[in-house]
1. Within the group A:88, A:140, which residue is surrounded by 17 or more Cβ atoms within 10 Å (Cβ to Cβ) and not in a strand (DSSP E or B)?
2. Considering only residues that are part of a strand (DSSP E or B), within 9 Å of another protein chain (Cβ to nearest Cβ) and free of Cβ contacts under 8 Å to residues at least 60 places away in the same chain, which ones fall in region B:98-143?
3. For the subset of region A:53-75 comprising residues that are out of contact with any helix residue (DSSP H, G or I) (no Cβ under 9 Å at 6 or more places or on another chain) and within 14 Å of chain B (Cβ to nearest Cβ), which member is surrounded by the most Cβ atoms within 10 Å (Cβ to Cβ)?
4. With respect to residue A:183, is the statement that it is at the interface with another protein chain (Cβ under 10 Å from one of its Cβ atoms) and at pLDDT below 90 true?
5. Before we move on, is residue A:98 more than 11 Å from chain B (Cβ to nearest Cβ), in a strand (DSSP E or B) and under 27 Å from residue B:81 (Cβ atoms)?
6. Just checking, does region B:75-90 include any residue being more than 10 Å from chain A (Cβ to nearest Cβ) and in contact with a helix residue (DSSP H, G or I) (Cβ under 9 Å, 6 or more places away or on another chain)?
7. Here are the criteria: (1) modelled with pLDDT of 95 or more; (2) surrounded by fewer than 18 Cβ atoms within 10 Å (Cβ to Cβ); (3) within 24 Å of residue A:82 (Cα to Cα). Tell me which single one residue A:160 does not satisfy.
């Protein structure tokens, strides 16, 4: 907690603890692990539950409120770890992911996600093809981050991140900073762009 | 921006490859500490240079346990709390395990077993592999 420099950051920490959840782009947990994710941005809000029979894949269900196309539906989602490379100082992953809406067979997505991280640096990239009744589009996302301090196991870990994302509907890149915190089984990402809050929470149990 | 995405992917692959090579060299020098036994019951102190671990963390780990044997496992891919959390949960399911802790900075897992158990590195390795990380070597300490 020694890194807290001002009251605003302290308020943010408290807020995130009140929310008591977490954030990560990976819906795969340890074997037999469960993951709950809440994600909200300007275009949609989703609540997802995933179960990981092994560290290689997860299956799950989610409720999506699509603010852009003004519709709500349930998603059945799967993620598979295509490749992982562990080293003493880093881990690199490539995933494929996909989901099918329970509402319509015209509503689904699939894509790839890759990340590489050390205790100090994090980077990830994703490319998702989305199909809806109204319009098909692509979402791309790039994240880079740095940990301002290296916490020990069980500490609060903090990441200062920059996210760039683009979908082919708006057809322009949005780049904005956000903060990622995690401790224990919980993680939180929070960022702000154009007066919209990007919030991503994750809890594993 | 598509080029940036592509470059990022290539960068991830390259850095990962470089680190893999770097680590494979460093492991060559650490094989001598694999699967050895050392009795530290007299003073509960450990030689930091021998095991390349965080002695403060280790001494905190052993301060409230006794009559146990401790597997100090060198693990790759344990770069965050989330990675290590699964390892901790997995080993706590083993009734012979008294206590588990993780030294993220040095990439070690400490597993305290009751003394009656024969510690099997292959079993530990298998459990860690099933969790998504890679166990490289192990040292056993007795308290």
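The values are calculated or read from the model by the stated rules, or taken from the named source; none is laboratory data. Not measured: the values here are computed from a predicted model. Reconstructed Cβ throughout: ideal geometry from the backbone, glycine too, with neighbour counts over all protein chains shown.
1. Exactly one residue qualifies, and that residue is A:88.
2. Matches in region B:98-143: B:101, B:102, B:103, B:134.
3. In this case the residue turns out to be A:58.
4. Against the criterion (at the interface with another protein chain (Cβ under 10 Å from one of its Cβ atoms) and at pLDDT below 90), residue A:183 qualifies.
5. Taking the combined requirement at face value, the residue does not satisfy it.
6. No, the conditions are met nowhere in region B:75-90.
7. Looking at each condition in turn, residue A:160 falls short on (3).
Listed here are the residues, each with its yes/no results for (1) more than 28 Å from residue B:102 (Cβ to Cβ); (2) facing chain B (nearest Cβ under 8 Å).
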{"residue": "A:126", "(1), (2)": "yes, no"}
{"residue": "A:132", "(1), (2)": "yes, no"}
{"residue": "A:137", "(1), (2)": "yes, no"}
{"residue": "A:152", "(1), (2)": "no, yes"}
{"residue": "A:156", "(1), (2)": "no, no"}
{"residue": "A:159", "(1), (2)": "no, no"}
{"residue": "A:164", "(1), (2)": "yes, yes"}
{"residue": "A:174", "(1), (2)": "yes, no"}
